[in-house]
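Beneath this line is the structure, given in structure tokens, with notes to follow.
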Amino acid sequence: MTRTTAFLVVVVTITTLTFGTCNAEAGKHGRMMKGGMRGHMMGERGHMDKVSVKRHRLYMRGGLPAEYAGKTNPYEPTPDLIKRGEEIYMQQCKACHGESGRGDGPAAKGLDPKPSDLSFIMKRHIATDEYLFWTIAEGGKPIGSTMPAYKGILSEKDIWAVILYLRDRFGR
Ligand code: HEC
């Protein structure tokens, strides 16, 4: 994907997120009128609270380092690789992002920003290969979050395997 296309994708995503928020708010109020404070009582996360706002802004401003720009997954989503990705997710990511991907793992407590809701973000346009690879490889360093950098821990192939798993499980 070219930088221009990536930029457009991000702009569209941010627009969608912004308008999506309005709709979510409207929906919430609608629900509150009908069903009381149900959403809030159940500790439901608000729309913008599920995503890494700072990271999205940095990406939108063209903050993706050159070595990651345009990177695409060279591997096919074979059952073996998806399974490998699942193992890595359970070992490395679940503690924060949770078994369900919602960002509610035991190690997520007290983190600011909170771990993103991957079950939500994987359905958005921003979840491109270059964005996910950069996020996992460099972790929270570029935006000052607690997300670990995996480039010294996981091989490139293992990072792609996790991405295949996330797409398979949450991307549709
Ligand atoms: C110590 C807790 C922690 C662990 C472990 C962790 N993350 Fe994260 N992750 C975070 C936090 C906090 C954020 C939000 C801030 C940011 O973007 O860095 C985040 C954000 C993300 C995002 C960006 C989503 C968005 O909103 O755009 C992705 C993708 C992601 N993590 C994937 C992973 C994967 C895959 C692993 C395992 C290989 C992992 N994370 C391990 C804490 C963690």
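Find how many whole Å separate the alpha carbon centroid of region 128-172 from the alpha carbon centroid of region 43-61.
16 Å
If amide H atoms are built 1.01 Å from N in the plane of the peptide, which residues on other chains or at least 5 residues away come under 5 Å of the amide H of residue 149?
Sorted by chain and number, the residues that satisfy this are 140.
Counting other Cβ atoms within 10 Å, which trypsin sites (Lys or Arg not before Pro) in region 70-133 have at most 10 and lie in a DSSP loop?
Sparse-neighbourhood loop trypsin sites (Lys or Arg not before Pro): 109.
Relative contact order for region 44-141: what percent, with Cα pairs under 8 Å and sequence separation of 6 or more? Present the calculation step by step, with values, prior to reporting the outcome.
On the way: 77 pairs, mean separation 33.4, N = 98.
Once divided by the residue count of region 44-141, the mean separation gives 34 percent.
For a footprinting-style exposure proxy, rank 165, 68 by other Cβ within 10 Å, fewest first.
Least to most surrounded, the residues fall as 68, 165.
Run the reach check for residue 83 against lysines, Cα to Cα strictly under 18 Å, same-chain hits fewer than 8 apart removed. What comes back?
94, 157
If the cut-off is a Cα-Cα distance under 19 Å, which aspartates and glutamates reach residue 114, setting aside same-chain residues fewer than 8 apart in sequence?
Filter leaves 44, 49, 99, 104, 138.
Sort 128, 135 so the one with the fewest other Cβ atoms within 10 Å of its own Cβ comes first.
Values: 128 21, 135 25.
Taking fewest neighbouring Cβ atoms as first place, the list is 128, 135.
Go through region 101-172 and name the GluC sites (Glu not before Pro) that are in a DSSP coil and have 15 or fewer other Cβ atoms within 10 Å of their Cβ. Show your work: numbers first, answer last.
Numbers: sites: 130, 138, 156; in loops: none.
Answer in residue order: no site qualifies.
On full extension of the chain, what length is gained from residue 44 through residue 107, given 0.36 nm per residue of separation minus the C-alpha to C-alpha distance? Provide the component values of the computation, followed by the final result.
On the way: separation 63, 0.36 × 63 = 22.68 nm, distance 1.83 nm.
Gain in length upon complete extension: 20.9 nm.
Dividing the convex hull volume of the alpha carbon atoms of region 42-118 by its residue count, what do you get in Å³ per residue? List each step's numbers first, then the result.
Details: hull volume 10.0 nm³, N = 77.
Per residue, the Cα convex hull of region 42-118 comes to 130 Å³.
Bear in mind that the values in this text are calculations on the coordinates, not laboratory data. The model shown is predicted, which means the values in this text are computed figures rather than measured ones. Using ideal geometry, Cβ is built from the backbone for each residue, glycine included, and neighbour counts are taken over all protein chains shown.
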